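A.B. asks: Pasting a structure here, questions to come.
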Amino acid sequence: MGVMTRETAGEPETYRASSAPWLTGFLVVLGLVVCFAGWGHTVAHHAGAVFGGLALAALGYALYWRPRLEVHTDEVRVVNPLRTVSIPWSRIVDVRTRFAVTIATDQGAHSCFALPSAGAGAALRSGVDAVNRNHPIARPGGAVRVGDLTSTASGAAAHRVRDTWQRKIETGELDVFARDAAPDPVRVRYVPGPLAAVVLLAAAGAVLFTV
């Protein structure tokens, strides 16, 4: 299953890919290796090695640790490398897992970079429980997509979103047919900072090594 943080004291439930910790850790360790192995004979080379190491660590954060899906009380938040999408529960019309966990709304669909659909091997490793715990909405006609298996990161996240969404409808907290009062809009915020930092650190390191 993917990396998941339970909701506590108002904090959201957070879902990441199961590979996120070790991929992030690998790039951080690789950054340390570059930092020490690239240590040169001049101050410029020292600084270049440090910038190169920081660039790799920043890349691990921007591509593997920062991307996530958050389940909040009032919305679902999809955090991708370049943008963050906040989706109110009232805007959701479907949750898909064909290629990645995708939250479909009445204004368009938003895929989660951190939660791609699992491969065929996930079906072989999963047990009966992963199928039985699957949300009924996810399997029309009894078919179960690999990306919906609750033993996978994408399946666990999709199951949680579907379950919460259905519970809100059944309890009357959410009325999907009430469109008289305009629901809150889907908010998209672009966040280029993390990847821009990677480019700037890498460029600075390359320049300093050529000095």
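The values are calculated or read from the model by the stated rules, or taken from the named source; none is laboratory data. Because the structure is predicted, anything quoted here is derived from the model rather than measured. Cβ atoms come from the backbone with ideal geometry, glycine included; neighbour counts cover every protein chain shown.
A.B. asks: Which of the residues that make up the stretch 73-91 are farther than 15 Å from ARG189 by Cα and either buried (at least 18 other Cβ atoms within 10 Å of the Cβ) or polar (S, T, N, Q) (or both)?
C.D. replies: Within the stretch 73-91, THR73, TRP89, SER90, ARG91 qualify.
A.B. asks: Among the residues of the stretch 29-69 satisfying the criterion of being part of a helix (DSSP H, G or I) and hydroxyl-bearing (Ser, Thr, Tyr), which is nearest to ILE103 (Cα to Cα)?
C.D. replies: That would be TYR64.
A.B. asks: Go through the stretch 59-72 and give me each residue that's buried (at least 20 other Cβ atoms within 10 Å of the Cβ) and either at pLDDT below 95 or among the hydroxyl-bearing types (Ser, Thr, Tyr) (or both).
C.D. replies: Across the stretch 59-72, the qualifying residue is only TYR64.
A.B. asks: Separate question: Do we have any residue at all in the stretch 113-135 that's of a type in the set (Ser, Thr, Tyr), modelled with pLDDT under 90, within 24 Å of TRP65 (Cβ to Cβ) and not in a strand (DSSP E or B)?
C.D. replies: Yes - at least one qualifying residue is present in the stretch 113-135.
A.B. asks: Follow-up. Looking at VAL43, VAL85, VAL29, VAL33 in this structure, which one is over 30 Å from LEU208 (Cβ atoms) and among the β-branched types (Val, Ile, Thr)?
C.D. replies: Residue meeting the stated conditions: VAL85.
A.B. asks: Restricting attention to the stretch 36-62, which residues are out of contact with any Pro (no Cβ under 6 Å at 6 or more places or on another chain) and within 24 Å of SER19 (Cβ to Cβ)?
C.D. replies: GLY52, GLY53, LEU54, ALA55, LEU56, ALA57, ALA58, LEU59, GLY60, TYR61
A.B. asks: Check whether at least one residue in the stretch 35-43 is farther than 25 Å from ARG162 by Cα, surrounded by 21 or more Cβ atoms within 10 Å (Cβ to Cβ) and not assigned by TED's automatic domain parsing to the domain that holds GLN166, and report yes or no.
C.D. replies: No, because not a single residue in the stretch 35-43 is farther than 25 Å from ARG162 by Cα, surrounded by 21 or more Cβ atoms within 10 Å (Cβ to Cβ) and not assigned by TED's automatic domain parsing to the domain that holds GLN166.
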